[in-house]
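The values are calculated or read from the model by the stated rules, or taken from the named source; none is laboratory data. Please read all numbers here as calculations on a predicted model, not as lab measurements. Neighbour counts are summed over all protein chains in view; Cβ atoms, including those assigned to glycine, are modelled from backbone coordinates with ideal geometry.
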Amino acid sequence: MLCQCLKRLDWRPLFLLQHCNTMVNYFYSIILSLLDHYLPIIEITKNSTDKPWVTPSFRRLIRSRQRAFLSGDVSRYNCLRNRTQRMASTLRKKYFTAKVEQLHSCDPHQWWTKTQRMLNLKQTNSLTSLQFQGTPDKLAAEINDFFGQCIKSSSRSRSINIS
């Protein structure tokens, strides 16, 4: 629509101006007014405590849920609460699935670093000192035990299903 408007615009008054500075100012005023009309600036606030999978639509849904709660509309609140929980689960799953897909293209060192970051683990843990001693089955069992402990500890604090 902006392009259509620019094509239809009558530029003759611009060429009737006497000075270059007034021509530039006129040009900028026209362009800026059209940009404000067709491409307005939208302000989006993002809190530092937001999870990386939080989207503006999810934030709007939470606001609607809270308004229903504060107004005392129990049936609307329950409906919005259920939608919020389903959307949170879907967004979390999509986010972590995309992160895991990115891990497939990494070398082992980057894979481990990104996995630690995704699981919010400290850099020092039981696997950093892990050395290949014994059979590959023993190494695989130790890695499996480590991830099993991560899943157990994260399921106590929040429920995440990444299957």
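Answer yes if at least one residue in the range 76-93 is among the hydroxyl-bearing types (Ser, Thr, Tyr), under 30 Å from Leu119 (Cα atoms) and surrounded by 13 or more Cβ atoms within 10 Å (Cβ to Cβ), and no otherwise. So far as the range 76-93 goes, yes, one or more of its residues are among the hydroxyl-bearing types (Ser, Thr, Tyr), under 30 Å from Leu119 (Cα atoms) and surrounded by 13 or more Cβ atoms within 10 Å (Cβ to Cβ).
Just a yes or no: is a residue in the range 46-69 of a type in the set (Lys, Arg) and touching a Leu at 6+ places or on another chain (Cβ under 6 Å)? Yes, some residue in the range 46-69 is of a type in the set (Lys, Arg) and touching a Leu at 6+ places or on another chain (Cβ under 6 Å). Of Lys7, Lys93, all but one fail to be in a helix (DSSP H, G or I) and within 22 Å of the chain's Cα centre (by Cα); the exception is Lys93.
If a residue must be under 30 Å from Phe96 (Cβ atoms) and surrounded by fewer than 10 Cβ atoms within 10 Å (Cβ to Cβ), how many such residues does the range 15-51 contain? Write out each step before concluding.
Looking only at the range 15-51, we keep the residues that are under 30 Å from Phe96 (Cβ atoms), and these are 42-51.
Filter once more, keeping what is surrounded by fewer than 10 Cβ atoms within 10 Å (Cβ to Cβ): 42-49.
Residues flagged as under 30 Å from Phe96 (Cβ atoms) and surrounded by fewer than 10 Cβ atoms within 10 Å (Cβ to Cβ) within the range 15-51 amount to 8.
Given the condition exposed (fewer than 11 other Cβ atoms within 10 Å of the Cβ) and either part of a loop (DSSP other than H, G, I, E, B) or under 21 Å from the mean Cα position of the chain (by Cα) (or both), answer yes or no: does some residue in the range 106-114 qualify? Yes, that holds for at least one residue.
Can you tell me which of Leu80, Leu39, Leu70 is modelled with pLDDT of 80 or more and under 30 Å from Cys3 (Cβ atoms)?
On the way: Leu80 fails: under 30 Å from Cys3 (Cβ atoms); Leu70 fails: under 30 Å from Cys3 (Cβ atoms).
It is Leu39.
Checking each residue in the range 47-80 for being among the hydrophobic types (A, V, I, L, M, F, W, C) and within 12 Å of the chain's Cα centre (by Cα) picks out Trp53, Val54, Phe58. Within the range 52-68, the residues that satisfy the criterion of being surrounded by 11 or more Cβ atoms within 10 Å (Cβ to Cβ), touching a residue at least 12 places away in the same chain (Cβ under 8 Å) and either part of a helix (DSSP H, G or I) or of a type outside the set (A, V, I, L, M, F, W, C) (or both) are Thr55, Pro56, Phe58, Leu61, Ile62, Ser64, Arg65, Ala68.
Residues checked against (1) modelled with pLDDT of 95 or more; (2) acidic (Asp, Glu); (3) over 30 Å from Arg117 (Cα atoms); (4) assigned by TED's automatic domain parsing to the domain that holds Leu91:
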| position | (1), (2), (3), (4) |
| --- | --- |
| Cys20 | no, no, yes, no |
| Asn25 | no, no, yes, no |
| Asp50 | no, yes, no, no |
| Arg59 | no, no, no, yes |
